[in-house]
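Before any comments, here is the structure.
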Amino acid sequence: MITAIEIRNQQFKKSFRGYNEEEVKNFLLRLAEDYETLYGENSQLKEDVQKLQYELGKYYKLEDTMNNSLILAQQTAEELKENARKEADLILQNAKQRITEILAVYQEVIKRLNMLTAELKAQVGGEMEFLEKNQQKIEELSRFFYSKDLKELMENLGKIELKEE
């Protein structure tokens, strides 16, 4: 590639009916300046493109990192949901098992209470039967002691006196 210095230092052979030497030099000088400006702009643009490509690369890496983070966050969220679901199922199973155990205990308590009630009824029934028999005896004795014959006997006893000798 030709440089601005090469354009400035370019020498042409002189000929008899050639171009005006001063015009050629002025043209080459302007051409060299424009070329130098364009070359500088081109170099600057290449640097800018390189910087932008570097920045774009960073953004691509950042995008990949963010995508990976998002995927990891989604996986973590799914794992957390699954673990929570499993834990909830376990808690529910434990609660069901505990309820079943408590109901079994209550059933056993009710069964024992029924047996105790039956035993108490039997005991109380026996005691009631005993009390009723005693009551009948008391009534018989009451009838005897409050009977007319006993009153007469008591009256007659009161009339008996001991004789002195």
Of all the residues that make up the range 19-67, how many are among the polar types (S, T, N, Q) and under 44 Å from the mean Cα position of the chain (by Cα)? 2
When you scan the range 114-137, do you find a residue that is assigned to a helix (DSSP H, G or I), surrounded by 10 or more Cβ atoms within 10 Å (Cβ to Cβ) and in contact with a helix residue (DSSP H, G or I) (Cβ under 9 Å, 6 or more places away or on another chain), even just one? no
Determine if the range 32-49 includes at least one residue that is in a helix (DSSP H, G or I), small (Gly, Ala, Ser) and either surrounded by fewer than 10 Cβ atoms within 10 Å (Cβ to Cβ) or in contact with an Asp or Glu (Cβ under 9 Å, 6 or more places away or on another chain) (or both). yes
Are there any pairs, at least 6 apart or on different chains, whose C-beta atoms fall under 7 Å, with the first in the range 1-30 and at negative phi and the second at pLDDT below 80 and of a type in the set (D, E, K, R), and if so, which? Leu28/Arg8; Leu29/Arg8
Scanning for something within 30 Å of Ile2 (Cα to Cα) and either under 52 Å from the mean Cα position of the chain (by Cα) or exposed (fewer than 10 other Cβ atoms within 10 Å of the Cβ) (or both), does the range 91-100 turn up at least one residue? no
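To keep it simple, each residue is scored yes or no on (1) among the hydroxyl-bearing types (Ser, Thr, Tyr); (2) in a loop (DSSP other than H, G, I, E, B).
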residue	(1), (2)
Lys14	no, yes
Tyr59	yes, no
Glu78	no, no
Asn83	no, no
Just to be sure I understand, how many residues within the range 138-162 are among the polar types (S, T, N, Q) and either surrounded by 10 or more Cβ atoms within 10 Å (Cβ to Cβ) or outside any helix (DSSP H, G or I) (or both)? 2
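The values are calculated or read from the model by the stated rules, or taken from the named source; none is laboratory data. A quick note: this is a predicted structure, and the numbers were derived from the prediction, not measured. Virtual Cβ from ideal backbone geometry, glycine too; neighbours counted across all protein chains shown.
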